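For reference, the structure discussed in these notes is given below.
The values are calculated or read from the model by the stated rules, or taken from the named source; none is laboratory data. As the structure is a computational prediction, the values presented were derived from the model and not from experiment. Cβ placement follows ideal geometry from the backbone for every residue including glycine, while neighbour counts extend to all protein chains displayed.
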Amino acid sequence: MSTTASNPTRSRGKAPAGEKLADWADGRLGIYSLAKANMRKIFPDHWSFMLGEVCLYSFLIIILTGVYLTLFFHPSMNEVVYHGSYVPLQGQLMSEAFNSTLHISFEVRGGLLIRQIHHWAALVFLAGMFVHMMRVFFTGAFRKPREVNWLFGFLLFVLGMFTGFTGYSLPDDLLSGTGVRFMEGAILSVPIIGTYISFFLFGGEFPGHDFVARFYSIHILLLPGIMLGLVVGHLILVFYHKHTQFAGPGKTNNNVVGMPLLPVYMAKAGGFFFLVFGAIAAIAAIAQINPIWAIGPYRPDQVSTGAQPDWYMGMAEGLIRAMPGWEINFWGHTLVLGVFIPLVLFGVVLIAIALYPFIEAWVTGDKREHHILDRPRNAPTRTAFGAAWIAWYFVLLVGGGNDLWATHFHLSINAITWFVRIAFFVVPVLTFIVTKRICLSLQRRDRDKVLHGRESGIIKRLPHGEFIEVHEPLSQEQLYTLTAHHQYEPVEIGPTVDENGVERKVKGTEKLRAKLSRAYYGEGNQIAKPTVEEYKEITSGHGHH
Amino acid sequence: MSSQDIPEEKLPAEPGAAHGAVRAADEENPFADPGLPPHEHRIQDIDERAAKRSERTVALLFTVSMLATLGFIASYVWIPNDKSVYIFPLGHISAMNFALGLTLGVALFCIGAGAVHWARTLMSDAELADERHPIEASPEVRAKVHADFKQGAKESAIGRRPLIRNTLLGALTLVPFSGLFLLRDLGSLPHEKLRHTMWAKGKRLVNMNTNQPLRPEDITTGSLTFAKPDGLEEEGNEEYQTEIAKAALMIVRLQPDNIKDKRELEWSHQGIVAYSKICTHVGCPISLYEQQTHHVLCPCHQSTFDLSDGARVIFGPAGHALPQLRIGVDSEGYLQALGDFEEPVGPAFWERG
C-alpha cells in the first residue's frame with residue numbers, strides 16, 4: 001500500500017480532473033478494486049436476459065413517480081365535500097384520499113400522467129417479473145449456485161403483488177374499496193385469529209378510519225423498503241455469480257462469453273432504461289388506467305358490475321370465485337372453508353414456487369455449479385411442470401373474470417364457473433402430458449438432426465428411380481450445441497439386502513426420491529442424446545439416407 | 001441425506017472440463033467444443049461511410065429527444081389543463097395528458113434508441129470470455145474460517161459459561177414481546193360488534209336515494225329498493241361508513257303465495273321482505289335482481305340467492321343465506337324493523353357459530 005505521494009507512476013498535477021476525482025474517491029472508498037472486477041465485466045447476450053432488466057427499470061420508474069405522487073396525496077379518510085374542477089362529483093362527500101387523488105388528476109398539471117405512469121409501470125413490473133421468472137424456470141437458471149437469488153426474486157414477486165394491492169387501494173374509490181372489503185372477508189375466514197387480525201388491521205370494524213393511512217405506510221415505506229434491499233441483493237448476486245449463458249461454441253461452464261459492461265452494456269442496458277420509461281410514458285399518454293373519477297368514492301353499500309382486481313390478483317380472484325361455498329359450523333364456531341381454502345391454496349402455490357429449485361436439486365442429487373442454461377426441451381418434466389402451472393394460472397384468470405367472459409361472449413356464468421371448477425383439475429394434467437410429449441419429440445428431432453444432418457430441401461433421383469432428400473451434415477458448432485446438455489440417469493434405491501443377507505430398511509423419502517427421479521430422467525422421460533459412436537457409425541458406414 | 005447421495009460416476013462428466021479451447025475440427029470427437037467462432041465484421045467496421053451514417057442516426061435520435069423535451073415544456077406552459085381533444089381512435093381525452101405523455105415518451109425513448117443503436121453499430125462487438133471461479137471457498141480457506149470461528153467462540157467462553165448463554169437467550173427471546181404488546185392498540189377487540197347493526201325495534205326503513213321513510217305502498221312488485229335505518233345520516237357522521245357496511249338493506253315485494261320459506265313469510269309484511277344487502281361470501285353489496293325468479297346476484301363473485309326461499313344460496317361461493325330483517329308497520333303506516341338481524345350480517349367468521 002503505497003501512498004500517492006510516494007508513487008512515481010501517479011503524477012498529481014497533470015492528471016485530468018476526472019482522474020483526480022477518481023483517485024480521491026479511491027483513496028477513501030477503494031473504487032479501483034471494485035472497478036477492476038466489474039468495469040469490464042462480461043455479460044452474455046440473449047433476448048430473454050432483457051426481461052429482468054424490464055423489471056428493474058419499471059421498479060425504478062415506480063419509485064420515481066411514486067415519490068412525486070406522495071407530494072400531493074393525502075392519506076386520510078377524513079370526510080370532505082368535493083369542490084374541485086370535476087363537475088359531476090362537485091358537492092359529493094368523499095374521503096380526503098379520494099379528494100386528493102382527484103386533485104392530482106385534474107388540477108396538478110402532469111399529475112394524471114404521473115399517476116398513469118405509476119400504475120402502468122406497476123403492471124409492467126409484475127408482468128415483467130412473471131415472465132422473467134418463467135425464463136429462469138424453463139432454462140434451469142435457478143440451479144446451484146443461484147437458488148438464493150431465485151428466493152430473492154420470488155420474494156420480490158410476492159411483495160410486488162401486495163405493494164400493488166395496497167397501492168391501488170389508496171385512492172379509496174369504489175372499485176378498490178370493494179377489493180379491500182374482499183380482503184377483509186378473506187381475513188375473517190382465517191380460523192381462530194381472523195376476526196382479531198381484521199380488527200387490528202382496520203383499527204376496529206371495517207372500513208373504519210385508518211386503513212388508508214396504514215396501507216400508505218405499508219405501500220410507500222415498508223414493502224418498497226424491503227423490496228429495494230432485495231433488488232440490490234438480487235443484482236449483487238447476479239454480478240457475483242456472473243450471468244448464465246446458453247451452450248454454444250466456446251461457451252463452457254467455466255467461462256462467460258459476451259460483451260463488456262463498459263461500454264457495450266452500459267449503453268445497451270442504460271439505454272434500455274430510457275426505452276422502457278419512454279414506452280411506459282407513451283402508454284400512459286394514450287391508455288387511460290384506473291379513472292377513479294368515473295368510478296366514484298367508496299361506499300360499503302355500493303358496487304359496480306364487472307369489478308375486477310388488477311391482473312396479478314386474478315389468480316386469487318379465480319380461486320375465490322370457483323370455490324364452492326363450504327362452511328362448517330361446530331361448537332359455536334364457523335370454519336369458512338369456501339374462503340379459507342382458496343387463501344391457503346394461494347399460499348401453498350407460492351411456497352411450491354419458492355421451493356422448486358430445492359426439490360429438483362434433491363431429486364437430481366447434483367451438487368455442482370450450473371452456469372450453462374438448459375433448453376426447455378432438454379428438461380421435459382420440469383418444462384411440463386412449468387407449462388401445467390401456467391395453464392392452471394390461465395384457468396384461474398378465466399375464473400377471476402367469469403362475469404366478463406359471460407357478458408362479452410354471451411355465456412352462462414354458471415357454465416363458466418363449472419368449467420373452471422373442472423378445468424382446475426383437468427387442464428394442468430393435460431398440459432403436463434402434452435408439453436412433455438412435445439419436448440420429447442423435439443429431443444428426437446435434435447437427435448435426428450445430429451445423426452442424419454439437416455433437411456436441405458434438395459430432392460435427388462437415384463439411378464434406379466428412387467427419390468431421396470439430401471441431408472446436409474451439421475457443422476461442428478451445431479453438433480456441439482445440440483449435444484452439450486447433460487443427461488441424468490435415474491437414481492436407484494440400490495440393493496435392499498447387504499452382503500450378510502440382512503435386509504436394509506428403505507426410507508420413504510428414499511423411495512419417493514427414486515420415483516421422482518424416474519419420472520424426471522427414467523426411460524421414456526428423456527431421449528438419449530446421440531453418442532459419438534452412433535454418429536461415426538452412421539456417417540462413415542452407410543452414408544446419408 | 002448422505003445415504004441418498006448419487007455416486008460421482010453416475011453424474012455426467014464435469015461440464016466444460018472435457019473441452020478445452022479446441023479450435024480445429026476434431027476428428028476424434030465431432031461433438032467437441034470447437035471454441036469461439038471468429039469475429040465477423042459489421043458493415044460499420046469496414047466502411048467508414050456506414051459508420052458515419054450510424055453516427056448521424058444516433059445524433060439525430062438524441063436531437064429528437066431534445067426537441068421532445070422542449071415540446072414537453074411548451075405543452076406544460078401553454079396547454080390549458082382542462083382542455084380536451086378528440087384523437088382518433090382514443091376519443092375525447094385530456095390534451096395536457098396526451099401532449100405531456102407523448103413528448104416525455106419520445107424524449108426518453110429516443111435517448112434509449114440512440115444509446116442502443118450506438119452500442120450495436122459503433123462499439124466493438126467482439127465477444128470476450130471471462131473465466132468463472134467456483135463460488136465455494138478452497139479447502140484451506142474453509143478450514144481457516146472454521147478454525148477462526150472456533151477460536152472466537154472459545155475466547156468468548158460462551159460454551160463454558162452456560163449461565164451467560166442461557167440468560168442472553170432468555171433476554172433476546174423476551175424483548176420482542178414489548179413490540180408485540182405495542183401492536184395491541186392497533187384496533188379494538190371484536191367483542192359482539194359483528195353481531196349487531198343499527199337496526200332495532202321501531203327503527204323506520206328509510207329509502208337510500210330519497211332519504212324518506214318508506215311506506216308499504218312505496219314498494220312495488222318487481223323493483224329492488226335499498227334502505228337504511230332512520231337516523232343514519234351521511235353528512236357529518238364519522239361512523240356512517242362503518243354503520244352502513246352492516247345495516248344496508250334491500251327490500252322487494254313478492255306475492256305472499258310465492259314465498260316458499262315459512263319463517264320468511266312470518267317476518268315479511270304483506271309480501272314485502274327485507275334482507276341484508278351485504279353478501280355472506282366476502283361482503284360485497286348485492287345489487288342485481290332478477291324480477292321473474294326473485295334471484296339476487298352479487299356482482300363481485302356471482303353468489304346467487306333466492307329471495308323467495310329464505311335467500312338461500314343457489315349458486316356461487318357464498319356459504320350461507322342472507323340474513324332477513326323482521327319488519328312490520330308502525331302506527332303511522334311506515335315500514336319499521338321489529339328488531340335487529342338475528343344473525344351476523346356479512347362474511348362468516350370464526351366466532352360466528
Counting just the residues of region A:181-200 that are more than 7 Å from chain B (Cβ to nearest Cβ) and not in a loop (DSSP other than H, G, I, E, B), which one comes out surrounded by the fewest Cβ atoms within 10 Å (Cβ to Cβ)? A:Ile197
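Take A:Leu69 and decide whether it is in the same structural domain as A:Phe130 (by TED's automatic domain parsing), touching a Lys or Arg at 6+ places or on another chain (Cβ under 8 Å) and either within 26 Å of A:Phe206 (Cβ to Cβ) or modelled with pLDDT under 95 (or both).
Values: in the same structural domain as A:Phe130 (by TED's automatic domain parsing): yes; touching a Lys or Arg at 6+ places or on another chain (Cβ under 8 Å): yes; either within 26 Å of A:Phe206 (Cβ to Cβ) or modelled with pLDDT under 95 (or both): yes.
The answer is yes for A:Leu69.
Report yes if some residue within region B:310-317 is at pLDDT below 90 and not β-branched (Val, Ile, Thr); otherwise report no. Give the steps one after another, and end with the answer.
So the first thing to find is which residues in region B:310-317 are at pLDDT below 90, and the list is none.
There is no residue in region B:310-317 that is at pLDDT below 90 and not β-branched (Val, Ile, Thr).
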Those residues of region A:358-388 that are in contact with a Pro (Cβ under 7 Å, 6 or more places away or on another chain) and either of a type in the set (D, E, K, R) or part of a helix (DSSP H, G or I) (or both) come to a total of 3
Can you find a residue that is among the hydrophobic types (A, V, I, L, M, F, W, C), without any contact (Cβ under 8 Å) to a residue 40 or more places away in the chain, loosely packed, with under 14 Cβ neighbours inside 10 Å and more than 11 Å from every other protein chain (Cβ to nearest Cβ) anywhere in region B:36-49? yes
Odd one out for A:Arg299 among (1) crowded, with 19+ Cβ neighbours inside 10 Å; (2) part of a helix (DSSP H, G or I): (2)
So which residues in region B:254-284 are surrounded by 24 or more Cβ atoms within 10 Å (Cβ to Cβ) and touching a Lys or Arg at 6+ places or on another chain (Cβ under 6 Å), if there are any at all? B:Gly283
In region B:107-145, which residues are within 18 Å of A:Val256 (Cβ to Cβ) and in contact (Cβ under 8 Å) with a residue 40 or more places away in the chain? B:Asp125, B:Ala126, B:Glu127, B:Ala129
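Any residue at all in region B:76-88 that's assigned to a helix (DSSP H, G or I) and more than 12 Å from chain A (Cβ to nearest Cβ)?
The initial filter retains those residues of region B:76-88 that are assigned to a helix (DSSP H, G or I), namely B:76-78.
Of the ones still in play, those that are also more than 12 Å from chain A (Cβ to nearest Cβ) are none.
No: zero hits.
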Kindly list the number of the only condition in (1) small (Gly, Ala, Ser); (2) under 27 Å from B:Ser75 (Cβ atoms); (3) part of a helix (DSSP H, G or I) that fails for A:Ser85. (3)
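Give me a count of the residues in region A:484-506 that are over 17 Å from A:Arg382 (Cβ atoms) and modelled with pLDDT of 85 or more. First the steps, then the outcome.
Start the filter on region A:484-506 by keeping residues that are over 17 Å from A:Arg382 (Cβ atoms), which leaves A:484, A:492-506.
Within this subset, residues satisfying the condition of being modelled with pLDDT of 85 or more are A:484.
Residues meeting the conditions: 1.
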Which residues, counting only those in region B:300-315, are in a loop (DSSP other than H, G, I, E, B), farther than 13 Å from B:Met250 by Cβ and touching a Leu at 6+ places or on another chain (Cβ under 8 Å)? B:Ser303, B:Ser308
Can you name the residue in region A:283-296 that is at the interface with chain B (Cβ under 7 Å from one of its Cβ atoms) and buried (at least 20 other Cβ atoms within 10 Å of the Cβ) and, of all such residues, is nearest to A:Gln245 (Cα to Cα)? A:Ala284
Spans of helices (runs of 4 or more DSSP H) in region B:91-206 with at least 2 residues outside the structural domain of B:Ser65 (by TED's automatic domain parsing) and of a type in the set (Val, Ile, Thr): B:139-156, B:162-174
Does any residue of region A:335-345 turn out to be surrounded by 17 or more Cβ atoms within 10 Å (Cβ to Cβ), within 15 Å of A:Glu147 (Cα to Cα) and within 14 Å of chain B (Cβ to nearest Cβ)? no
For B:Tyr240, work out the one condition from (1) within 14 Å of chain A (Cβ to nearest Cβ); (2) under 19 Å from A:Arg181 (Cβ atoms); (3) out of contact with any Asp or Glu (no Cβ under 6 Å at 6 or more places or on another chain) it doesn't fulfil. (3)
Residues (over 30 Å from A:Leu237 (Cβ atoms) and exposed (fewer than 10 other Cβ atoms within 10 Å of the Cβ)) located in region B:128-158: B:Glu155
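Between B:Leu265, B:Leu232, which is assigned to a helix (DSSP H, G or I), touching a helix residue (DSSP H, G or I) at 6+ places or on another chain (Cβ under 8 Å) and on the phi < 0 side of the Ramachandran plot?
Details: B:Leu232 fails: assigned to a helix (DSSP H, G or I).
On inspection, the qualifying residue turns out to be B:Leu265.
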Filter region B:209-218 down to residues that are surrounded by fewer than 18 Cβ atoms within 10 Å (Cβ to Cβ) and part of a loop (DSSP other than H, G, I, E, B) and give me whichever is farthest from the chain's Cα centre (by Cα). B:Arg215
Residue check, A:Ala247 touching a residue at least 24 places away in the same chain (Cβ under 8 Å), within 10 Å of chain B (Cβ to nearest Cβ), buried (at least 21 other Cβ atoms within 10 Å of the Cβ) and farther than 27 Å from A:Met50 by Cβ: no
